[in-house]
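The values are calculated or read from the model by the stated rules, or taken from the named source; none is laboratory data. The structure presented is a predicted model; accordingly, all values stated were derived computationally and were not measured. All Cβ positions, even for glycine, are placed from backbone atoms using ideal geometry, and neighbour counts span all protein chains on display.
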Amino acid sequence: MKTYEVLEIYGEQIERLIEKNDRPLSQKDAAKQEEKIQKIIDKRKNESEGQRKKREEREIKDREDSRKFVTEVADAYNFKLVGTEVVGGREAWVIDGEPRPGFVPHMKEGKFLSKFHGRVWVDKADLQLAKMDVECLDTISWGLFLARFHKGSRFMLEQTRVNDEVWLPLHLTAKIDVRLALLKNFDVDLEQTFRDYKKFRTSSKITAGGEVQDQK
């Protein structure tokens, strides 16, 4: 069980680990997290015009790829509205998705879609993903060292509306049966909680207490 504080730094969401198994980090581990965050801040504050341009071009490409993948998901599944439920105090449509026979992926990432089915909860007011529960239907292998996720592995994500602006992760759980290279199988139970979303301003600094405060 891991708990993260999420900072928005120059428009980028950065995770800072603050607890393991419901216990605060040791002073040493907390200092490492602060150092990681400060390096990101310093890098962004001191980036050149050329570096800024390359980063913005990369961000535009990432957004375009995300939109293409959403279209790929829409083509990969047959969706069925099965009802409504309340998620995080808000009404949501409940939709089941099953792989569409004959689907041909157009993106590299799309080749795995037919290996999953599941259920999504879509917020009625914002039309945003509030919750997702997907299950692996068959063994999936990829990567240089041949990682394999086996049938029955599950991934569950719940999101929340932050500052009446954006939807961001709240809780992530995964129950995974995985095999790495030629090693034995591992049963992995993963649980992560995200909280304390904060915006970072250019007049701010990271303090040892984990808060974001204005410099005077």
### Message
Any residue in region 124-144 that is more than 17 Å from residue 81 (Cβ to Cβ) and charged (D, E, K, R) sitting within a Cβ distance under 7 Å of a residue that is modelled with pLDDT of 90 or more and not in a strand (DSSP E or B)? List the pairs, counting only those 6 or more apart or interchain.
### Response
138/115
### Query
Restricting to region 86-100, what's the tally of residues that are small (Gly, Ala, Ser) and crowded, with 16+ Cβ neighbours inside 10 Å?
2
### Residues satisfying the stated conditions in region 34-87, i.e. of a type in the set (Val, Ile, Thr) and either within 30 Å of residue 18 (Cβ to Cβ) or outside any helix (DSSP H, G or I) (or both)
37, 40, 41, 82, 84, 86, 87
### Task
Six or more apart or on different chains, Cβ under 7 Å: which pairs go from a residue in region 59-83 that's closer than 18 Å to residue 137 by Cβ and exposed (fewer than 12 other Cβ atoms within 10 Å of the Cβ) to one that's at pLDDT 95 or above and charged (D, E, K, R)? Could you list them?
80/96
### Message
Looking at region 68-83, can you tell me whether even one residue there is at pLDDT below 90 and among the basic types (Lys, Arg)?
### Response
no
### Query
Does any residue of region 4-15 turn out to be surrounded by fewer than 13 Cβ atoms within 10 Å (Cβ to Cβ) and within 18 Å of the chain's Cα centre (by Cα)?
yes
### Task
Report yes if residue 94 is free of Cβ contacts under 8 Å to residues at least 40 places away in the same chain and in a loop (DSSP other than H, G, I, E, B), otherwise no.
no
